[in-house]
Amino acid sequence: ILGGVANLLWAVARLASSNQLAKGRVATQRDVVALAAAAQRVVAARSSEFNARDCANAAWGFVNLGHIDDAAMLAIARRAAAILPTFNAQEVSKLLYATGKADVKCAELDAAAAAERVQSYDFGGAAGSVALTHILGGGRALAGGAREKTGATGATGGALWEASFVLADWLSRPADAVASLPAAARALLLHTAGASVGAGRWAGVDAVELGAGLGLPSIVGARLGMRVVATDGDAHVLQLLEQNAARNAKEGGAVRVATLEWGTPARPQIGPHPGDLVLAAPDLILASGCVYGVADDVWAALVRTLAELAGPATVILLAHGNGAAPGVQQMRGRFYELLARERFAVARVEPRALHADHRRGVELHCVTRR
């Protein structure tokens, strides 16, 4: 019953938000007001029974309907603080957005959201186990509660997002991954790596990850033979990225880390060894969870960087999760319009390549030059 209350509140708020009924105002429909009041009473009395999704949905629902009850919101915040390790990044982001809008002060939640944690993923085979230091709140406290240009909570790169995991999982199966690509992209990568990919490795493939965050796809790719440069533009995120790259380095499979802000010139990164990767025309460009929010200028900057880095034989892989900008998962919207202007072609990677993790609501898209 409690989950039903939270889900109903979320659904009504989603409908109101999409119809501009609660944008900066309070929803006034009689039934909606009655629902919000009843939900506030339930939450204040029984929030200790909420799970992660219930907390996030209820808090987001109250805020987006404009019906914010201090006691109910504080009860949600305290319950969330107690069970925050059970939240995924999307749920934490939704919750922190709502508590921030409601101006809820909860020291327990702030501490839990800012704490560094370690989580491990086992991809099997040569990719093996990867242990990542992450922050459930994505570094919100370190960013001083500031918002990114996209409108998202500051320092989102410090959190673990589903799109990053799905892209890493896809990379962990090189032969299946390449087989799932559109014919033109498959031909480009096979020309680069040849039989190495067929043997279950990415040997011979040079890659750059944009907005790498914690670097999970880069680490998995490097474990399987890629020469990878993982890039990000956030100083705190880069510290976590370097820490994770060092922790998970294996002989012949180290990830190099470089600073790169979208839209600014990408300076060549020359390493200490012959054949080290430079930021120019790599075989593969990776990006997960990068197209979100509502800021056209951020997407334009990302497209400028893609246009600068991608050569005629470069394959770009984009992973879009549940928090993607509207239309992006369907290859629509402003971001893809900007890509088309730069003469890029986009195609969906077939779901079979995502294995069971396609159920996570993540879409993979492949982009190549026309």
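The values are calculated or read from the model by the stated rules, or taken from the named source; none is laboratory data. Every value quoted in this text rests on a predicted model; they were computed, and no experiment measured them. Glycine also receives a Cβ, built like all others from the backbone with ideal geometry; neighbour counts cover every protein chain displayed. Just the protein is used for accessible areas: all its heavy atoms, side chains included, with ligands, DNA and RNA removed. Shrake-Rupley method; radii C 1.70, N 1.55, O 1.52, S 1.80 Å.
A few notes on this one:
- Subset of segment 336-360 that is open to solvent by less than 30 Å² (accessible area, probe 1.4 Å) and within 28 Å of A56 (Cα to Cα) - its residue that is modelled with the highest pLDDT: L354
- Scanning segment 228-244 for residues that are open to solvent by 10 Å² or more (accessible area, probe 1.4 Å) and at pLDDT 90 or above yields D232, L238, Q239, E242, Q243.
- Hey, A81 of a type in the set (G, A, S), open to solvent by less than 60 Å² (accessible area, probe 1.4 Å) and in a helix (DSSP H, G or I) or not: yes
- Checklist (1) free of Cβ contacts under 8 Å to residues at least 24 places away in the same chain; (2) more than 19 Å from C366 (Cβ to Cβ) applied to S196, failing item: (1)
- Pairs, first closer than 24 Å to A131 by Cβ and open to solvent by less than 80 Å² (accessible area, probe 1.4 Å) in segment 249-272, second modelled with pLDDT of 90 or more and in a loop (DSSP other than H, G, I, E, B), C-beta under 7 Å, six or more apart: V255/G215
- Residue check for R25: open to solvent by 10 Å² or more (accessible area, probe 1.4 Å), of a type outside the set (V, I, T) and either assigned to a helix (DSSP H, G or I) or modelled with pLDDT of 80 or more (or both): no
- Restricting segment 84-105 to residues that are more than 17 Å from A115 (Cα to Cα) and open to solvent by less than 50 Å² (accessible area, probe 1.4 Å) leaves a set whose member that is nearest to the chain's Cα centre (by Cα) is K94.
- Selected residue (criterion: nearest to N248 (Cα to Cα)) from residues of segment 198-218 that are out of contact with any helix residue (DSSP H, G or I) (no Cβ under 7 Å at 6 or more places or on another chain) and not in a loop (DSSP other than H, G, I, E, B): S218
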